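Computed from the coordinates by the stated procedures, all read-outs in this text should not be read as laboratory data. Model, not experiment: these values are computed from the prediction. A quick note on method: Cβ atoms are made from the backbone with ideal geometry, for glycine too, and the neighbour counts reach across all protein chains shown.
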Amino acid sequence: MEGSDTLVWSWVISFENDKHPKPDRRDEIAVWEARSERSIAVNADLEERTRQIARQGIPALDAAHLASAEAGEAEIMLTCDDVILGRAPRLGLALRVLNPVAHLKEVETHG
């Protein structure tokens, strides 16, 4: 990654990737774990934050991604999930949730 971007990995990414039906895609995604600067493991605080987010109508695994990103002190979490993008501003998160294309446009505009 260039600039000040930092890739944060989490247990939930590994969990979902392990279940990916296509081995070639699973292997490609797994490469990114080695490129991450930190990895977030599951713990009691993370489980509680996941439950708090899920109680606001977010599916459990999506809530775990959001809680993990917060625990990793991410400023921005990128997703293509339109439901999460639409609901995120009302969740009281300690980070912004953006579509990757919107993020790239923001970086191009503001550096």
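Data table
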read-out	value
Separation in nanometres of the label points that stand 7 Å from Cα toward Cβ, at THR6 and GLU75	1.1
Loop-resident sites, the range 1-76, for trypsin sites (Lys or Arg not before Pro), counting at most 12 other Cβ within 10 Å (DSSP)	LYS19, ARG55
In Hz, Karplus ³J(HN,Hα) per residue of the range 13-28 (6.51, -1.76, 1.60; θ = phi - 60°; x = Gly, Pro)	5, 4, 4, 5, 5, 4, 9, 4, x, 9, x, 5, 5, 4, 5, 4
Relative packing of 60-72, 87-99, which averages over residues the other C-beta atoms within 10 Å, highest first	60-72, 87-99
The chain: calculated mean residue ellipticity at 222 nm from DSSP helix runs of at least 4, using -39500 (n - 2.57)	-16000 deg cm²/dmol
The chain - Rg (one decimal) and Dmax (whole number), Cα, Å	14.1, 39
